[in-house]
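Heads up: the structure comes next, in structure tokens.
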Amino acid sequence: MAGRSVVVGVGHYLPSRVVPNSEFEQTLDTTDEWIRTRSGIERRHFAADDETTSDLATNAARAALKDAGLEADDIDAIIVATSTADLTFPSAATMVQARLGMTKGFAFDVQAVCAGFVFALSNANALILSGQARRVLVIGAETFSRIMDWSDRSTCVLFGDGAGALVLELQDGNGTPDDRGILATDLNSDGRFKDLLYVDGGVSTQTTGYLRMQGNQVFRHAVEKLAKTAETALGRAGLNSADVNWIVPHQANIRIIQGTAKKMGLPMERVVVTVQDHGNTSAASIPLALSVGKERGQIKPGDLIVTEAIGGGLAWGAVVLRW
Ligand code: UT7
């Protein structure tokens with residue numbers, strides 16, 4: 001008998017304001033055509049002025065709890081993956097905890113930028129398997145619209161706001177790849193690549209900043225590293241690409257998603273794609289895609305899923321799970 005962290009609920013929340021590519025044509029030297037063909041993005045959601053990351057996260061958490069048929073009191077821990085928390089401290093996770101009316105357990109944020117949800121899932125799994133929590137709410141939530149330089153056409157057309165959440169629960173398994181739940185994880189980072197993707201301000205430097213990215217450099221690393229981390233995690237689970245029902249990738253660029261699937265020898269029919277509707281929502285993109293993929297009827301119980309992501313750090317990784 002082996003313990004497994006099994007997904008028992010999933011949900012998401014998107015702010016109501018939808019911004020089509022054409023809106024950027026009015027203020028920037030760009031076109032809908034360029035954005036679509038270079039990134040695959042057609043529209044994205046932006047949070048309202050009075051809407052914060054913890055608001056988005058709380059709404060996604062409520063949807064996931066409802067899907068699981070659970071109350072906040074049934075949860076032992078909350079992890080929020082975000083790089084855009086409401087305040088420097090306390091964590092967005094403790095704000096969500098309070099908003100859900102949860103007075104026991106513990107809550108904290110994980111910051112690994114676009115790879116944040118993969119890092120949060122891996123940490124939640126470790127907490128569950130080591131007996132420190134039985135049920136963990138794992139949330140990815142971002143308001144990247146707040147860190148955009150609206151005069152930089154090479155970045156501001158790419159990102160969006162949103163949140164997604166999973167409820168993980170300890171269940172018995174057989175210790176085989178047929179088990180439901182998280183089967184393997186792979187995490188990596190390499191701080192030498194800081195300058196490829198960063199925000200040029202922060203508390204300790206007493207500045208506020210904007211996202212800066214050398215997009216084509218990040219692109220090169222992404223295509224090379226994502227298939228590798230996915231295959232490493234699959235190998236740890238005793239599986240390979242042929243066993244995968246769905247790749248649920250970080251949604252940054254359709255060309256990266258296609259390149260990774262191709263390297264893994266899988267057709268696009270086996271990839272959940274939401275980038276056209278959400279843009280790049282950083283740590284929120286994978287749980288958003290899992291939730292939308294389930295809603296669309298793509299992801300079904302028993303399906304083998306590999307999630308993979310890369311972002312600022314650079315930080316990257318993958319999680320293999322059976323739904
Ligand atoms: O989520 C975290 C990880 N981030 C990523 O995975 C993002 C990775 N990178 C990318 O998705 C792509 O590199 C981009 C979508 C950012 C850019 O696509 P690209 O094919 O790598 O284009 P590029 O950066 O090489 O730029 C090509 C041209 C440049 O013009 P020149 O120098 O060739 O004259 C840019 O100035 O496109 C120009 N350009 C634009 N043109 C119209 C850049 N942004 C725009 C724009 N509209 N919005």
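The values are calculated or read from the model by the stated rules, or taken from the named source; none is laboratory data. In this text the structure is predicted, and so the values were computed from the model without any measurement. When we count neighbours, we look across all protein chains shown, and the Cβ atoms used for this are built from the backbone with ideal geometry, even at glycine. When the accessible area is computed, the model is the full protein with side chains, heavy atoms only, and any ligands, DNA or RNA have been set aside. Shrake-Rupley method; radii C 1.70, N 1.55, O 1.52, S 1.80 Å.
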Q: Considering each residue of the range 150-188, count those that are over 14 Å from Gly215 (Cα atoms), open to solvent by 20 Å² or more (accessible area, probe 1.4 Å) and more than 16 Å from the chain's Cα centre (by Cα), and give that number.
A: 13
Q: State yes or no: is Ala283 crowded, with 24+ Cβ neighbours inside 10 Å, within 16 Å of the ligand (Cβ to nearest atom) and farther than 27 Å from Arg4 by Cβ?
A: no
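Would you call Arg270 within 30 Å of Asp172 (Cα to Cα), over 18 Å from the mean Cα position of the chain (by Cα) and open to solvent by 60 Å² or more (accessible area, probe 1.4 Å)? If you could, list the steps in order and put the result at the bottom.
On the way: within 30 Å of Asp172 (Cα to Cα): yes; over 18 Å from the mean Cα position of the chain (by Cα): yes; open to solvent by 60 Å² or more (accessible area, probe 1.4 Å): yes.
So Arg270 passes the test.
Residue-wise test of (1) more than 30 Å from Trp150 (Cα to Cα); (2) within 12 Å of the ligand (Cβ to nearest atom); (3) acidic (Asp, Glu).
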{"position": "Asn188", "(1), (2), (3)": "yes, no, no"}
{"position": "Lys194", "(1), (2), (3)": "no, no, no"}
{"position": "Gln214", "(1), (2), (3)": "no, yes, no"}
{"position": "Asn240", "(1), (2), (3)": "yes, no, no"}
{"position": "Gly265", "(1), (2), (3)": "yes, no, no"}
{"position": "Val273", "(1), (2), (3)": "no, no, no"}
**Q.** Of all residues making up the range 308-323, the number that are away from the ligand (no atom under 16 Å from the Cβ) and among the β-branched types (Val, Ile, Thr)
**A.** 2
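Which ones in the range 219-238 are of a type in the set (Ser, Thr, Tyr) and either away from the ligand (no atom under 16 Å from the Cβ) or within 18 Å of Asp179 (Cα to Cα) (or both)? Talk me through it step by step, then tell me what you get.
Taking the range 219-238 as the starting set, the residues that turn out to be of a type in the set (Ser, Thr, Tyr) are 229, 232.
Passing the criteria: only Thr232.
Yes/no matrix, rows are residues, columns are (1) within 16 Å of the ligand (Cβ to nearest atom); (2) of a type in the set (S, T, N, Q):
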{"position": "Ser22", "(1), (2)": "yes, yes"}
{"position": "Gln26", "(1), (2)": "yes, yes"}
{"position": "Glu33", "(1), (2)": "yes, no"}
{"position": "Thr37", "(1), (2)": "yes, yes"}
{"position": "Arg43", "(1), (2)": "yes, no"}
{"position": "Phe46", "(1), (2)": "no, no"}
{"position": "Ser54", "(1), (2)": "no, yes"}
{"position": "Arg62", "(1), (2)": "no, no"}
Q. Under 6 Å by Cβ, and 6 or more places apart or on different chains, what pairs join a residue from the range 211-226 that is farther than 12 Å from Asn253 by Cα and outside any helix (DSSP H, G or I) with one that is among the β-branched types (Val, Ile, Thr) and more than 8 Å from the ligand (Cβ to nearest atom)?
A. Leu211/Ile147; Leu211/Val199
**Q.** Residue pairs meeting the criteria (Cβ under 8 Å; at least 6 apart or on separate chains; first closer than 27 Å to Arg38 by Cα, in the range 238-260; second open to solvent by 20 Å² or more (accessible area, probe 1.4 Å) and modelled with pLDDT under 95)
**A.** Ile256/Val223; Gly259/Val223; Thr260/Val223
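Determine whether Ile305 is within 16 Å of the ligand (Cβ to nearest atom), open to solvent by less than 30 Å² (accessible area, probe 1.4 Å) and either within 17 Å of Ala124 (Cβ to Cβ) or of a type outside the set (S, T, N, Q) (or both). Spell out how you get there, then give the answer.
Details: within 16 Å of the ligand (Cβ to nearest atom): no; open to solvent by less than 30 Å² (accessible area, probe 1.4 Å): yes; either within 17 Å of Ala124 (Cβ to Cβ) or of a type outside the set (S, T, N, Q) (or both): yes.
For Ile305, the condition - within 16 Å of the ligand (Cβ to nearest atom), open to solvent by less than 30 Å² (accessible area, probe 1.4 Å) and either within 17 Å of Ala124 (Cβ to Cβ) or of a type outside the set (S, T, N, Q) (or both) - is not met.
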Q: Scan the range 189-202 for residues that are open to solvent by 50 Å² or more (accessible area, probe 1.4 Å) and of a type in the set (A, V, I, L, M) and jot them down.
A: Val199
